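The values are calculated or read from the model by the stated rules, or taken from the named source; none is laboratory data. Owing to the predicted nature of the structure, the values given are computational and were not obtained by experimental measurement. For neighbour counting, all protein chains shown are included, and Cβ atoms are generated from backbone atoms with ideal geometry for every residue, glycine included.
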Amino acid sequence: MKAEIISVGTEILLGDILDTNSQYLAVRLPPMGIDLYYMSKVGDNLQRLAETIGRAHKRSDLVLITGGLGPTEDDLTREAIALSLDEEMYVDADMEQRLRAFFAARGFTFPERNVKQAMLIPSAQAIPNPRGTAPGWWVEKDGRFIVAMPGPPAELERMWEREVTPHLADLTTGDVIASRTLKTIGIGEGHLDEMVSPLLKSENPTIGVYAKPDGVHLRLTAKASTQEAARRLIQPMEEELRRLVGDAVWGVDDDTLEAAIGAILKERALTLATMESCTGGLLASTITDVPGSSVYFKGGYVAYTARMKMNLAVSAELIERHGTVSDEVAADMARAARANADADLGVAVTGVAGPDELEGKPPGQMHVAVDDGGPGLSISYTYYQGRAATKRRAVTTALALLRRALLARG
């Protein structure tokens, strides 16, 4: 089955919002044996949207549309589908009644404009949406399918999982695709590519090497008659990749680096504290994104000024001699975090988030340190990608260094 995705909304074309819906749907099609050939983004213009849908319906077995199902004048997905298929819309009485009941149950008056959300065409059936007011459309015509779903991700995802996927599963035949992602850190993309080069010529499964914010990913993809058969093809390749790459692999698929580190801390009954300046609390926030992190995370200090650092027992002599943006101060911040919180490990970040210089140091210069009561570990680098991205990269570097320290402890 050949598919394409159409995302609707002028706000997507203007860059006001990210089109995460297309990504969400795209990764879920291959496991069902559905080949995605095209992706489009269209603004809130009836003629252009109708042309795009009409073209998609002619060349693809399945067209997935997200957005444009709201009650306002610029929500035009229903009208565009009707126009592209040359069908007339009508108000479905049962749908209208359910919509009015939805508003009444919440104590709201019903805006008459919302009646358009109760409209159908002869080729369409409504798809329930308990998370919102916009039902989806399941359209079947000329042996092809159009599925229109709401734009808000929470509504789309529920509709896809509970309503759309079961119907598609009954329609799809042929081979399916399974994938497995190994996540690595500490090895650059080029070096990792060289390390696994003997396996890159494999055709089934295939291997892709991708640089990501949390390291470099190795994606294994296999095609077979069933998911189980595809996973059997992947397993020996994964084992060989792990043998080649070793401890650089920190997780798989949806794992996060902070959760992987948290699992090690929890397993070893170790505690952690942080002290950060340029990242402004982002390191502590990331660590506590993991449910249950209170078991191992004692707390964090945001020491944004030299005075604040000294108040937290960072050496005034080191600050005067080397400046706050230095390896020496980062190491002492890690020591102070560990000591002040009575933790097993301390992690610290100091640097220049930008865009301006600080203490004569350029934007993007970062110093990260881990202290566990022994010699400690530290790393320094200069890499500027804008303030937000630079802070995010510093946090990832700190987590990677912490993992390295934990592995070194045995």
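For (1) free of Cβ contacts under 8 Å to residues at least 40 places away in the same chain; (2) under 17 Å from LEU270 (Cβ atoms), each residue gets a yes or a no:
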residue	(1), (2)
ASP371	no, yes
ALA388	yes, no
LYS391	no, no
ALA398	no, yes
Problem set entry | Close pairs (6 angstrom Cβ cut-off, 6 or more residues apart or separate chains): more than 13 Å from ASP44 (Cβ to Cβ) in segment 1-24, among the polar types (S, T, N, Q) and at pLDDT below 95 anywhere | MET1/THR172
For this session: Out of the residues in segment 343-357 that are more than 18 Å from MET310 (Cα to Cα) and in contact (Cβ under 8 Å) with a residue 12 or more places away in the chain, state the one that is surrounded by the fewest Cβ atoms within 10 Å (Cβ to Cβ).
Result: PRO355
Exercise. Of ALA80, ALA101, which residue is under 24 Å from ILE5 (Cα atoms) and among the hydrophobic types (A, V, I, L, M, F, W, C)?
Worked result: ALA80
For this session: May I ask you to verify whether LYS141 is outside the structural domain of MET95 (by TED's automatic domain parsing) and basic (Lys, Arg)?
Result: no
Seminar exercise, completed: Scanning segment 220-230 residue by residue, the ones that are under 24 Å from the mean Cα position of the chain (by Cα) and either at pLDDT 95 or above or crowded, with 18+ Cβ neighbours inside 10 Å (or both) total 3
For this session: Restrict the check to segment 38-49 and report whether at least one residue is assigned to a loop (DSSP other than H, G, I, E, B), at pLDDT 95 or above and among the small types (Gly, Ala, Ser).
Result: yes
Problem set entry | Those strands (runs of 3 or more DSSP E) lying entirely in segment 116-212 with at least 2 residues at pLDDT 95 or above and buried (at least 19 other Cβ atoms within 10 Å of the Cβ) | 124-127, 136-141, 144-149, 176-184
Exercise. Is it true that GLN235 is polar (S, T, N, Q) and in contact with a helix residue (DSSP H, G or I) (Cβ under 9 Å, 6 or more places away or on another chain)?
Worked result: no
Exercise. Residue check: is LEU99 at pLDDT 95 or above, in contact with a helix residue (DSSP H, G or I) (Cβ under 8 Å, 6 or more places away or on another chain) and in the same structural domain as TRP137 (by TED's automatic domain parsing)?
Worked result: no
For this session: Tell me which residues, restricted to segment 254-302, are on the phi < 0 side of the Ramachandran plot and assigned to a strand (DSSP E or B).
Result: LEU272, ALA273, THR274, MET275, GLU276, PHE297, LYS298, GLY300, TYR301, VAL302
Problem set entry | Test for VAL325: is it surrounded by fewer than 24 Cβ atoms within 10 Å (Cβ to Cβ), modelled with pLDDT of 95 or more and among the aliphatic types (A, V, I, L, M) | yes
